[in-house]
Amino acid sequence: MYHRGAEPIPAAPSCEWVRAREILNHRKRATMPEPQNLKNHTRFDPPWHFFIAPVLLLNILFSIGYAIHHWPEHRVLCLWWILLSVVVLMAVGKARAHSMMVQDRVIRLEERLRMKALLGADEYARAEALTADQLIGLRFASDAELPGLVKKTLDQNLTRKQIKELIVNWRPDYLRV
């Protein structure tokens, strides 16, 4: 397929694209100071955790403080400011929650595909009973230990935290938001 005045779009990725992707992935991995494990796998999103959320919470507190000090003469404005402060916090929080839900769905799909490749037909059929939360916990398991952890998770109905605690060979996920 051709675009106006452009070169044809290659059907498969060229060597340059593959090499560029490898370099980008290496740089992303290089940003983590040490190998990922149970103790250091959680991440803060600095703009959200240290700026946006605190400022939105402070906005609610300031609007309540303003309402307390200027109630009789500006009660409509004060109520409106409080309402908008809460709505903005909720809207931003919901947008973040929705992106996390999408990411969880992608993880669930990735893990089902990985299990289809690594497990036998009977084990894979049984693995359909895993919950989304359990699949998200299993994403850190190496390919070698995944079959055993899937069996143990199904037999003992393990939680996400319990699954992560059992993982010996940690498979890092540096792209989690």
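Is one or more of the residues making up the stretch 55-78 touching a residue at least 24 places away in the same chain (Cβ under 8 Å), within 30 Å of Asn157 (Cβ to Cβ) and touching a helix residue (DSSP H, G or I) at 6+ places or on another chain (Cβ under 7 Å)? No: the stretch 55-78 contains no residue that is touching a residue at least 24 places away in the same chain (Cβ under 8 Å), within 30 Å of Asn157 (Cβ to Cβ) and touching a helix residue (DSSP H, G or I) at 6+ places or on another chain (Cβ under 7 Å). The single condition among (1) at pLDDT 95 or above; (2) touching an Asp or Glu at 6+ places or on another chain (Cβ under 7 Å) that Val168 does not meet is (1). What do you reckon, is Glu165 within 27 Å of Pro46 (Cα to Cα), surrounded by fewer than 14 Cβ atoms within 10 Å (Cβ to Cβ) and of a type in the set (Asp, Glu)? Answer is yes for this residue. With respect to (1) touching a helix residue (DSSP H, G or I) at 6+ places or on another chain (Cβ under 8 Å); (2) touching a residue at least 24 places away in the same chain (Cβ under 8 Å), the lone exception for Thr153 is condition (2). With the structure loaded, tell me whether Tyr174 is within 22 Å of Glu34 (Cβ to Cβ) and among the hydroxyl-bearing types (Ser, Thr, Tyr) or whether it fails that test. Spelling it out, Tyr174 is indeed within 22 Å of Glu34 (Cβ to Cβ) and among the hydroxyl-bearing types (Ser, Thr, Tyr).
Remark: Tyr174 falls outside the filter, which requires a residue to be over 20 Å from the mean Cα position of the chain (by Cα) and of a type in the set (Phe, Trp, Tyr). Would you confirm, using the coordinates I've provided, whether His41 is surrounded by 11 or more Cβ atoms within 10 Å (Cβ to Cβ), closer than 18 Å to Ala91 by Cα, at pLDDT below 90 and out of contact with any Ser or Thr (no Cβ under 8 Å at 6 or more places or on another chain)? So His41 does not fit the description; no. With the requirement that a residue be over 21 Å from the mean Cα position of the chain (by Cα), loosely packed, with under 14 Cβ neighbours inside 10 Å and of a type in the set (Gly, Ala, Ser), what does the stretch 126-152 give you? If the condition is that a residue be over 21 Å from the mean Cα position of the chain (by Cα), loosely packed, with under 14 Cβ neighbours inside 10 Å and of a type in the set (Gly, Ala, Ser), then Ala129, Ala144, Gly148 are the ones that fit. Being closer than 23 Å to Phe44 by Cβ, surrounded by fewer than 14 Cβ atoms within 10 Å (Cβ to Cβ) and touching a Gly at 6+ places or on another chain (Cβ under 9 Å): is that true of Lys94 here? So Lys94 fails the test.
The values are calculated or read from the model by the stated rules, or taken from the named source; none is laboratory data. Since we're looking at a predicted model, the values are computed, not measured. Counting neighbours? That spans all protein chains shown, and the Cβs are built from the backbone with ideal geometry, glycine included.
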